[in-house]
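First comes the structure, then the notes that go with it.
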Amino acid sequence: MSSLVKLRSRAQITLPKEAVKELNLKEGDNLSVEVNEGKVIITPVAVIPKDELWAWSPKIRSAIEKSREEAQKGNLNQYNSVEELWDDLHVAETEE
């Protein structure tokens, strides 16, 4: 898809409706703007608050992916209490 847009006052442009729809953009979404070899590249991005960055560490992402794979295989545990869950998690930590 290619469209012609005009640079307006205060260096503003309007993204074509087709691009907004195709990229599923909503008002308030963040976009990264990069200049590369004379071209402007606009990319939708997700901004993660600093206090939530821990959830995106490689160790956490790996554990989440492993859990998803186990759940898809049907390997799920059921617990009768939070304490039982914590006990099981603690045992799993010591086994690693």
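Looking across the range 42-56, the residues that are hydrophobic (A, V, I, L, M, F, W, C) and within 17 Å of Asn30 (Cα to Cα) come down to Ile42, Val45, Ala46, Val47, Ile48. Cβ-Cβ distances below 9 Å connect the following pairs, each with a first residue in the range 1-24 that is part of a helix (DSSP H, G or I), a second residue that is of a type in the set (A, V, I, L, M) and surrounded by 10 or more Cβ atoms within 10 Å (Cβ to Cβ), and a separation of six or more residues or different chains: Ala19/Leu25; Ala19/Ile42. For Lys39, the conditions (1) of a type outside the set (Gly, Ala, Ser); (2) surrounded by 10 or more Cβ atoms within 10 Å (Cβ to Cβ); (3) closer than 30 Å to Lys26 by Cβ are fulfilled apart from (2). Checking each residue of the range 47-55 against the condition of being within 30 Å of Ser2 (Cβ to Cβ), modelled with pLDDT of 95 or more and within 16 Å of the chain's Cα centre (by Cα) gives no match.
Out of (1) β-branched (Val, Ile, Thr); (2) more than 16 Å from the chain's Cα centre (by Cα); (3) part of a loop (DSSP other than H, G, I, E, B), the odd one out for Val33 is which? That leaves (3) as the condition not met.
The values are calculated or read from the model by the stated rules, or taken from the named source; none is laboratory data. All values reported here derive from a predicted model rather than from experimental measurement. Neighbour counts are summed over all protein chains in view; Cβ atoms, including those assigned to glycine, are modelled from backbone coordinates with ideal geometry.
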